[in-house]
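See below for the structure under consideration.
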Amino acid sequence: MIPYSPEAYQLLHDGSIALAEVEGNGIRIDVPYLNATIEETNAKILRMTKRLEQTDVLKEWRKRYGRKFNLGSGEQLGTVLFDIMGFDPPGLTETGKYKTDEASLAKVNSPFVKRYLKIKKYQKALSTNLEGLRRETEDGIVHPVFNLHFVVSYRSSSDSPNFQNIPKHEPKIARLVRLCFIARKGRVLVEIDYGGLEVCIAACYHQDPTMLAYLHDPSSDMHRDTAKDLYVLTDEEWERIPHKMQKMIRFTAKNSFVFAEFYGSYYVDCARNLWDDIDRDGLQGPNGEPLKEHLRKHGIFERGDCDPAEKPSKGTFEAHVQKQERRLWNRFAVYAQWRRDWYKDYQEKGWFKTKTGFICQGHMARNKVINYPVQGSAFHCLLWSLIQLVKKDLKRNKMKTLIVGQIHDSIVADVPIEELEDYLALAHNVMVKRLKRRWPWVIVPLEIEAEVSPVGGSWADKEEIKINA
DNA sequence: GCCATCGGCGCG
DNA sequence: AAAGCGCGCCGATGGC
C-alpha cells in the first residue's frame, strides 16, 4: 500500500523543496562571541571541577579509580556513590547498571551532587551546542538540515546541527547558547509559533466538547485549571500566588500531568514526577510556603509508594493524583472514548490514516497509534504554512525576508526591519486564516505568537510582540 | 581505529 | 490491559 494520498505526497514534495531553500539561507552566527564563549566555558568548567576536588565523593572516586578516574563516567560515579559510599541506589537502567541521571541523583544527600550536575549542564552545552555549532558554521552562517524522511510519525527532524533542540528552559544556559544566533545587518530574527498546536489538532480528531469549549474561549486555560486541582488551590489562593510562581506551577501541571496523560502515562508515574518537581523547582503555595506544606494542610502528607502492584494508600499524593486522573478523563470523556475507538479501529485494520492524508501501517503499540496522527498532522500545518511563505507569499511580494528554520510548531525568519509589519501580517494570514481554508477539518481557532530580536541582535534577546490581524 | 550500543539530555 | 510520543548528539564502553 502506498502510505500517502497524492495530496500528502505533494506536501512532502513541496516541503522538501521549501526546506532546501531554508537550509540554503542559513542563520547568521556571532563568531567572535562563539569563540570567546567556548574559551570562557572551558575555563568555567575547569574552575568548577577544581572546586569539586574537596568533596568526599570525589576523594573516594579518585581513591578507587586512580589514573582511570573519569568525571564523565556514569558507571564510575554509580560505583562510588552506591557501592562504596553506601547511598541508596535510586534504581537500575535497562541493562542493570545504577541510574545516574538528574532525577536519580537528586535523591542522594550530598553537596557533591548539585555541583556535579551543574558541571554536566555546562559540559553538555559546550560540547553539543557551542563546539558543535562552531564545527558547522562557515563564513559566519550555519545551515542546519531539515529532514522530512525517516520520521515515523511524519514529523520532521533536524541535524548538523540540530536546530530543534537549542537550550531554552534553563535561563543561563539558554542565554549562553542563544546569544550565538543573530540577525543579519539591519534585520531582526522573528520566531512565530502556534499556541498549543498539538492540543488543537488532537481536538480536531476527537472533538471532545469540553476541550472544544476550552479552545474556543481564550480566557479559559485548561492547564491552569488542572494545576489548581492538582495542588488543591482555591481561586482565591491561586490569585495570591505571584505571577512567576503561577507560571511555574502551571508549567509542571502541563508537562508532568496533562501532557503526560495525553501521551499515555498514568497516575503512578505522574505522581512520582510531580512530587519531584515540587522540590526541584521550589514551588510555593499562596503564603510563600513550600507547596508540600500547603498539601499537608489538605491531608496529603507524603508521596506514597508509587508501586504499580499496590493500591495507593490514603493521605498520599499518589492517591490524590489517581483521583485527579479520573477527574481529568471524566471531564474529557469523549476524548477518552476516541482513544479507545481509534486504537480498536487500528487493531482491526492494521493501519490508520491521518487528517493530512498519510497512512501509518505495521505493528505499533497503543500509545503510538494514538499519538502519531496528532503529532504528524500538527507538524503538517506548520509545514504547509512554511511552504506558502517560502514558495508563494515572500516571492510574490518581492520581500527580502528569509525563512531560516523551523521547530515543529514554529517558524524562524530573518526579516529586514522595514518588512517586519508586512511579514507578521503575512504570517498571520497564512498560518491562521488560509490554513483553515486549506484544511476544513481544522475546526478550532488557531493562535500564533511572535517574538522578535533587536535589530542585528540575538535570539537570546527576543521579545514578544503583538500581531495585528 | 572503527562501529554499535547505552545512558543521558537538549528540544517540541 | 497497559502504563510517556517524537527526534539528534554527546561521551563512555566494549567488541572487532
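The values are calculated or read from the model by the stated rules, or taken from the named source; none is laboratory data. For clarity, every value in this text was computed on a predicted model and none was experimentally measured. Neighbour counts run over all protein chains shown; Cβ positions are idealised from the backbone, glycine included.
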Response to the item:
In the set A:Val113, A:Val145, the lone residue that is under 28 Å from the mean Cα position of the chain (by Cα) and crowded, with 18+ Cβ neighbours inside 10 Å is A:Val113
Worksheet entry | Count - residues of the range A:132-151 that are within 11 Å of DNA strand C (Cβ to nearest atom) and assigned to a loop (DSSP other than H, G, I, E, B) | 5
Item to complete: Among the residues of the range A:227-278, count how many are within 16 Å of DNA strand C (Cβ to nearest atom) and of a type in the set (D, E, K, R).
Response: 7
Discussion item. So, in the range A:257-283, exactly how many residues are within 17 Å of the chain's Cα centre (by Cα), within 20 Å of A:Glu293 (Cβ to Cβ) and among the aliphatic types (A, V, I, L, M)?
Written reply: 1
Worksheet entry | Residues of the range A:65-87 that turn out to be part of a helix (DSSP H, G or I), away from DNA strand B (no atom under 12 Å from the Cβ) and surrounded by fewer than 15 Cβ atoms within 10 Å (Cβ to Cβ), as a count | 6
Item to complete: Count, please, the residues in the range A:104-131 that happen to be among the hydrophobic types (A, V, I, L, M, F, W, C) and within 11 Å of DNA strand C (Cβ to nearest atom).
Response: 3
Worksheet entry | Matching option when the condition is out of contact with any strand residue (DSSP E or B) (no Cβ under 7 Å at 6 or more places or on another chain) and small (Gly, Ala, Ser), among A:Ala450, A:Ala425, A:Ala413 | A:Ala425
Worksheet, complete the sentence: Of the conditions (1) within 14 Å of DNA strand B (Cβ to nearest atom); (2) surrounded by fewer than 19 Cβ atoms within 10 Å (Cβ to Cβ); (3) not in a loop (DSSP other than H, G, I, E, B), the single one that A:Glu239 does not satisfy is (1)
Practice prompt. Only residues that are farther than 20 Å from A:Phe150 by Cβ and buried (at least 16 other Cβ atoms within 10 Å of the Cβ): list them for the range A:354-367, please.
Written response: A:Lys355
Practice prompt. Among residues belonging to the range A:167-199 that are in a loop (DSSP other than H, G, I, E, B) and within 23 Å of A:Ala427 (Cα to Cα), point out the one that is nearest to DNA strand C (Cβ to nearest atom).
Written response: A:Gly196
Worksheet item: Do you know which residues across the range A:71-97 are free of Cβ contacts under 8 Å to residues at least 12 places away in the same chain and more than 20 Å from A:Lys114 (Cβ to Cβ)?
Response: A:Asp83, A:Leu92, A:Thr93, A:Glu94, A:Thr95, A:Gly96
Discussion item. When you scan the range A:25-48, do you find a residue that is in a helix (DSSP H, G or I), free of Cβ contacts under 8 Å to residues at least 24 places away in the same chain and farther than 30 Å from A:Ile141 by Cα, even just one?
Written reply: yes
Practice prompt. Sort through A:Val258, A:Val268 and tell me the only one that's within 16 Å of DNA strand B (Cβ to nearest atom), at pLDDT below 95, surrounded by 17 or more Cβ atoms within 10 Å (Cβ to Cβ) and not charged (D, E, K, R).
Written response: A:Val258
Worksheet item: Within the bounds of the range A:298-317, is there any residue that is assigned to a helix (DSSP H, G or I) and surrounded by fewer than 20 Cβ atoms within 10 Å (Cβ to Cβ)?
Response: no
